[in-house]
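In what follows, a structure is listed as structure tokens, so that the remarks can point back to it.
The values are calculated or read from the model by the stated rules, or taken from the named source; none is laboratory data. Predicted, not measured: the structure shown is a model, and the values here were computed from it. Neighbour counts are summed over all protein chains in view; Cβ atoms, including those assigned to glycine, are modelled from backbone coordinates with ideal geometry. Note: accessible area is taken over every heavy atom of the protein model, side chains too, but ligands, DNA and RNA are not part of it. Shrake-Rupley method; radii C 1.70, N 1.55, O 1.52, S 1.80 Å.
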Amino acid sequence: MRKFYAAPLALLGAGAATFGYASVIERNWFRLRRMDVPVLPPGRPPVKILHISDAHLTPGRSRLIDWVRSLDALEPDLVVNTGDSVSHRDAVGPFLDALGPLLERPGVFVYGSNDLYSPIFKNPLRYIWRTSKSDYARDHREPDLPYRELGSSLQTAGWLDLNNRIGRLKVGELDVEFGGIDDSHISRDHYDKIAGPVDPQADVHLGVMHSPEPRNLDRFTADGYDLLLAGHTHGGQVRVPFYGALATNCGIDRPRVKGLHRHRGSWLHVSAGLGTSPKAPMRFCCPPEASLLTLVPRR
């Protein structure tokens with residue numbers, strides 16, 4: 001009888017230990033990724049971009065708040081936030097506190113779906129064969145999170161709202177042109193509002209979005225953007241050793257679910273993100289992260 005129960009109990013114990021590691025340890029094991037991106041004209045000075053995404057902040061996540069505040073010590077020239085910043089109606093204040101001194105630096109932002117809609121529980125296994133986009137289309141929910149308060153607070157600090165907008169900033173010694181879209185995952189992206197060739201007078205051109213949908217990536221690239229920045233995927237959130245992400249929750253292919261890659265004539269950086277939905281608070285083989293991208297001259 002003991003042998004009969006030994007294997008199931010061992011599997012149960014291993015599962016409990018894995019869940020404990022994924023939800024308590026790895027979910028709070030923050031990493032900083034550093035990468036050089038060769039997109040500048042020859043002779044231009046390097047520029048440091050801090051890319052943050054998918055904090056999914058809820059009140060009380062003090063470790064995440066403190067770690068994000070500490071990133072100001074990197075002295076980035078620009079902060080890019082690609083959305084899903086909050087997941088609770090009382091989280092705007094804590095998120096602004098997390099940014100802290102970073103708000104005094106040049107910054108830009110777009111929204112993700114969870115800046116507008118509070119999370120609800122979904123069977124995580126469904127992400128293997130479908131995305132969650134259809135859930136929003138079917139539910140017809142009205143936004144219940146204070147995304148307008150979030151946006152106005154970031155704009156008051158001087159950050160550019162790039163939701164279906166074009167913008168321009170002086171970053172260090174560079175003239176940077178931005179094109180951004182709202183979240184395609186909830187059909188708020190309207191690329192036609194920003195469509196058209198980039199201004200060749202700018203030193204570099206950055207495309208900013210939440211979800212890296214290939215149809216939008218193609219249009220950014222065709223219009224001449226040098227670097228595209230996105231989040232949303234959480235890097236897969238749960239990854240299998242020697243296989244990688246099980247799902248991307250969007251149209252991007254699994255090998256590019258996180259990190260720096262090429263997309264036709266542009267560079268693409270997909271952040272694995274800082275947090276998780278509070279309804280699925282775990283990460284496995286995919287620690288939360290922010291990225292410091294140093295723009296350097298083309299080789």
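A compact table of results
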read-out	value
Cα-centred dipole magnitude for segment 249-291, charges only on beta-carbon of K, R (+1) and D, E (-1), debye, nearest 20	120
Surface accessible to a 1.4 Å probe, residue 190 within the full protein complex, Å²	90
Cα-based shape type of segment 139-195, given that a ≥ b ≥ c are square roots of the gyration tensor eigenvalues and the cut on a/c is 1.5	oblate
DSSP beta bridges in the chain [antiparallel fraction, %, rounded to 5]	35
Mean Cβ count within 10 Å, highest first, over the residues of peptides 223-233, 174-184	223-233, 174-184
Helix-derived mean residue ellipticity, 222 nm - over the chain, DSSP H n ≥ 4, -39500 (n - 2.57), to 500	-6500 deg cm²/dmol
Accessible surface of residue 203 - all protein chains present, 1.4 Å probe, nearest 10 Å²	30
Check: the chain dipole with +1 on Lys, Arg Cβ and -1 on Asp, Glu Cβ, in debye	1400
With all protein chains modelled, accessible area of residue 193 [1.4 Å, Å²]	140
Rounded to the nearest 20 debye, dipole of segment 138-203 from Cβ charges on Lys, Arg, Asp, Glu	140
Tilt relative to the chain, helix 2-20 - C-alpha long axis, 0 to 90 degrees, to 10	20
Environment charge at residue 294 (Cβ cut-off 10 Å; Lys +1, Arg +1, Asp -1, Glu -1)	0
Largest-first ordering by accessible area, 1.4 Å probe, given options 113, 70	70, 113
Global geometry of segment 170-299, whether rounded, prolate or oblate, following the gyration tensor of its Cα atoms and the 1.5 cut on a/c	prolate
Neighbour net charge for residue 174 - beta-carbon separation under 9 angstrom, K R +1, D E -1	-2
Listed residues 87, 187, 271, most fluctuating in the chain (Gaussian network, C-alpha, under 10 Å)	187
